[in-house]
Amino acid sequence: MNIIDNVLDVYSYNQVIKCLDDVELTWQRSEVLSQETFNEHVKHNLQFVHKIFYEHHIFSPRAFKEILAPIADKIEIRALIKAKLNLKLRAESIIEHGMHTDHDFGSDATTGIYYFNTNNGYTKFEDGTIVESVANRLVLFASDIKHTGTTCTDTQGRYVLNLNFF
Amino acid sequence: MEQVKLGEVVSIDNFLDNSEWIQIKNLVLYNPDFPLYFQQSVTGLEDSCFKDGFWNYALKHILYQNNIPLSPKFDIIYDIFWPKFKIFLDCKSLVRAKLNMFPYTPELKEYDQHVDQKYQHFGAVFYLNTCDGFTRIGENTKVDSIENRMLFFDPSVPHNSTTTTNAPARYNINFNLL
């Protein structure tokens with residue numbers, strides 16, 4: 001596992017946040033996980049996503065260029081598998097969603113989570129390791145490692161970029 | 001059916017079924033509006049038609065590169081080939097896809113050897129027309145250009161392409177896959 005803090009310089013980070021906050025950036029309602037994998041009651045199984053890249057197609061050219069590209073430029077990506085923005089709104093308590101992997105491509109692939117904002121949510125891994133949500137932090141790990149995200153209670157929402165690649 | 005293993009050199013004739021093959025031919029070979037772009041260096045290395053001989057060039061059409069579909073033709077080609085790749089290869093993602101056209105020359109010319117990527121991966125060369133050009137892998141393996149043939153190999157192994165002496169041009173589509 002590799003944790004990279006201050007991935008973007010201040011100017012680039014602000015540009016990314018500007019795009020993320022833009023009212024023109026649309027969000028789609030989505031399950032956090034399939035209900036079989038989800039730890040909690042179905043009423044909590046809701047987040048908002050913005051699909052950027054999936055199956056070799058760009059679904060959001062603007063987010064691809066203005067959000068994904070500056071972050072992707074900081075790491076070596078041979079082939080992107082998928083990328084999306086996740087927004088989990090604030091909850092009354094911290095809820096761990098459920099251990100999962102993002103796909104079944106195995107350990108040759110890498111999963112990345114970039115944290116846009118600082119909050120008391122976190123990513124927890126199957127070995128118990130916790131990576132806190134710190135703005136401008138990127139965590140990279142082998143895609144076969146199970147992990148879970150959480151809600152947060154101290155900000156309006158928890159914003160992350162989720163990417164998977166070779 | 002057993003899948004092609006990484007590092008194996010395998011060619012498969014009649015790779016596309018008839019309707020797909022006609023669709024691809026109509027898209028590329030019989031389409032005067034299919035755009036191709038001059039490439040003065042075939043390998044992207046030191047070679048150049050301005051230095052090594054006027055024959056030493058190619059025309060290309062990038063379909064997909066750096067995770068970006070770059071061609072309006074990408075979807076048609078992707079939709080035909082990707083499901084087939086999933087049958088023949090244990091591949092999960094596309095690195096690059098491009099179409100090449102190599103010129104006629106009075107004598108057969110071989111381009112410089114090169115690797116597509118330094119890491120081991122799947123390469124797929126689809127031959128669009130039959131001619132006396134070929135793909136050379138390493139020093140000794142030659143795969144002839146036969147229409148509707150697919151060649152799988154590892155393009156981190158040095159390889160090269162050629163011109164043709166018995167057709168107006170030599171066309172293929174190259175894919176790099178992980």
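Here are some notes:
- Subset of the range A:129-140 [of a type in the set (A, V, I, L, M), farther than 20 Å from residue A:103 by Cβ and surrounded by 15 or more Cβ atoms within 10 Å (Cβ to Cβ)]: A:134, A:135
- Qualifying residue in the range B:59-75 (condition: within 19 Å of residue B:150 (Cβ to Cβ) and more than 16 Å from the chain's Cα centre (by Cα)): no
- Strands (runs of 3 or more DSSP E) fully within the range B:1-89 that include at least 2 residues being within 14 Å of chain A (Cβ to nearest Cβ), in contact (Cβ under 8 Å) with a residue 40 or more places away in the chain and among the β-branched types (Val, Ile, Thr): none found.
- Search result, residues across the range A:38-64 that are in contact with a strand residue (DSSP E or B) (Cβ under 8 Å, 6 or more places away or on another chain) and within 14 Å of chain B (Cβ to nearest Cβ): A:52, A:53, A:54, A:55, A:56, A:57, A:58, A:59, A:60, A:63, A:64
- Selection of first residues in the range B:108-135 that are within 28 Å of residue B:92 (Cα to Cα) and within 14 Å of another protein chain (Cβ to nearest Cβ) and of second residues that are basic (Lys, Arg) and outside any strand (DSSP E or B), restricted to Cβ pairs under 9 Å at least 6 apart or on distinct chains, gives the following pairs, ordered by first then second residue: B:117/A:78; B:119/A:78; B:121/A:78.
- Yes/no for residue A:143 being among the hydroxyl-bearing types (Ser, Thr, Tyr), out of contact with any Pro (no Cβ under 6 Å at 6 or more places or on another chain), surrounded by fewer than 16 Cβ atoms within 10 Å (Cβ to Cβ) and under 28 Å from residue B:66 (Cα atoms): no
- Flag if residue A:144 is within 15 Å of residue A:33 (Cβ to Cβ) and touching a Ser or Thr at 6+ places or on another chain (Cβ under 7 Å): no
- Selected residue [free of Cβ contacts under 8 Å to residues at least 60 places away in the same chain and surrounded by 16 or more Cβ atoms within 10 Å (Cβ to Cβ)] from A:28, A:47, A:35, A:15: A:47
- Considering residues of the range B:1-22 that are of a type in the set (Val, Ile, Thr) and within 12 Å of residue B:87 (Cβ to Cβ) only, the residue surrounded by the most Cβ atoms within 10 Å (Cβ to Cβ): B:4
- For residue B:65, the stated conditions do not hold, so it cannot be described as touching a Pro at 6+ places or on another chain (Cβ under 7 Å) and farther than 18 Å from residue B:167 by Cβ.
- Verdict on residue A:40 being over 30 Å from residue B:92 (Cα atoms) and assigned to a loop (DSSP other than H, G, I, E, B): yes
- Any chance residue B:95 is within 14 Å of chain A (Cβ to nearest Cβ), in a strand (DSSP E or B) and not charged (D, E, K, R): yes
- Check on residue B:105, under 23 Å from residue B:54 (Cβ atoms) and touching a residue at least 12 places away in the same chain (Cβ under 8 Å): yes
FYI, it's all coordinate maths here, none of it is from the lab. On a predicted model such as this, the values are computed, not experimentally measured, just so you know. Quick reminder, even Gly has a Cβ in these numbers, built from the backbone with ideal geometry, and neighbours come from all protein chains shown.
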